[in-house]
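Please read the structure below before turning to the comments.
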């Protein structure tokens, strides 16, 4: 290792803010990709987990047991951000159950949303979410789809000042409300904003991503697989050989690494109901990322499929 001991090498990586992930059986570390939250400098793993639809399984104990294993895999591979919402049926309750079954969850970055009309209803909803998750406080509270955002923002600012939450965010999806979101971001002090972006839907590259970079706001990307439809384009198609140049082993990682390689993106939150898919997703959070030239090559290749 060019004169360095393994311990010295790992210490150098940590000093640079690069955290190595070392499976118990591995001889060499795998470099985990982290990005900084602009408002604080805190490092966050680039692959998080969404829960829309996938964790809405109610009291079905067989399905709950599968979700426990999904979260176990997530944390075992260095995952941190779990994102949910009261909009997602029983997802918050199921997440809380799963967390209660796990010992290794120290890295948890708990993120949910307020999704209702009125200040008092919003407060009650957020307090209920805390109980459902079983967390003392959320790392990130977001205003879901900008619903009644002015009233909720006032509450969130107070909660942040009091230490009840660490970060404030606002969200949209489906490529909607971009113009409204741009105006809000320019006028209010959000730490995060969340929207849809993927190799097929790149509208966010025009305004939202540059705006985040300009204003120093962390970006969470939802719908990275266009709700699974991206895999229809690549079904039966081999991964290009050159994908190995950025440590990409499957199509899920191809799509995720395209997203997280954008300089303005902080974290992406793919959702899954399968342990094997979680393993694939988490692999995108390690190794090299495509550069600007490679990103264009990825787009051209995808458009030819």
Hey, can you tell me all the residues within region 226-261 that are surrounded by fewer than 22 Cβ atoms within 10 Å (Cβ to Cβ), on the phi < 0 side of the Ramachandran plot and assigned to a loop (DSSP other than H, G, I, E, B)?
229, 235, 237, 238, 239, 240, 249, 250, 261
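Could you tell me how many of the residues in region 260-279 are closer than 15 Å to residue 80 by Cα and out of contact with any helix residue (DSSP H, G or I) (no Cβ under 9 Å at 6 or more places or on another chain)? Spell out how you get there, then give the answer.
Going through region 260-279, the residues closer than 15 Å to residue 80 by Cα turn out to be 266-271, 278-279.
With the extra rule that they be out of contact with any helix residue (DSSP H, G or I) (no Cβ under 9 Å at 6 or more places or on another chain), the set shrinks to 269, 271.
Going through region 260-279 one residue at a time, the tally reaches 2.
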Would region 113-126 turn up any residue that is crowded, with 16+ Cβ neighbours inside 10 Å, under 17 Å from the mean Cα position of the chain (by Cα), in the same structural domain as residue 225 (by TED's automatic domain parsing) and within 23 Å of residue 211 (Cα to Cα)?
yes
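For region 130-145, name all the residues that are over 22 Å from residue 45 (Cβ atoms) and under 19 Å from the mean Cα position of the chain (by Cα). Please lay out each step first, then the result.
Residues of region 130-145 that are over 22 Å from residue 45 (Cβ atoms), as a first pass: 130-132, 143-145.
Listed by number, the residues that qualify are 143, 144, 145.
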Among the listed residues 129, 154, identify the single one that is touching a helix residue (DSSP H, G or I) at 6+ places or on another chain (Cβ under 6 Å), in the same structural domain as residue 52 (by TED's automatic domain parsing) and either under 22 Å from residue 74 (Cα atoms) or part of a helix (DSSP H, G or I) (or both).
129
Regarding residue 217, is this residue in contact (Cβ under 8 Å) with a residue 60 or more places away in the chain, surrounded by 12 or more Cβ atoms within 10 Å (Cβ to Cβ) and within 27 Å of residue 42 (Cβ to Cβ)?
yes
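Residue by residue, here is whether (1) in contact with a helix residue (DSSP H, G or I) (Cβ under 9 Å, 6 or more places away or on another chain); (2) in contact (Cβ under 8 Å) with a residue 24 or more places away in the chain; (3) within 22 Å of residue 109 (Cβ to Cβ) holds:
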{"residue": "163", "(1), (2), (3)": "no, yes, yes"}
{"residue": "183", "(1), (2), (3)": "no, no, no"}
{"residue": "195", "(1), (2), (3)": "yes, yes, yes"}
{"residue": "200", "(1), (2), (3)": "yes, yes, no"}
Exactly one of 165, 199, 182 is farther than 17 Å from residue 51 by Cα and touching a strand residue (DSSP E or B) at 6+ places or on another chain (Cβ under 8 Å), and that one is 165
Regarding residue 184, is this residue over 25 Å from residue 228 (Cα atoms) and in a helix (DSSP H, G or I)?
yes
Only one of 283, 287 is surrounded by 14 or more Cβ atoms within 10 Å (Cβ to Cβ), more than 17 Å from the chain's Cα centre (by Cα) and either free of Cβ contacts under 8 Å to residues at least 12 places away in the same chain or more than 16 Å from residue 198 (Cβ to Cβ) (or both); which?
287
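The values are calculated or read from the model by the stated rules, or taken from the named source; none is laboratory data. A quick note: this is a predicted structure, and the numbers were derived from the prediction, not measured. With ideal geometry, Cβ positions are generated from the backbone for all residues, glycine too; neighbour counts draw on all protein chains shown.
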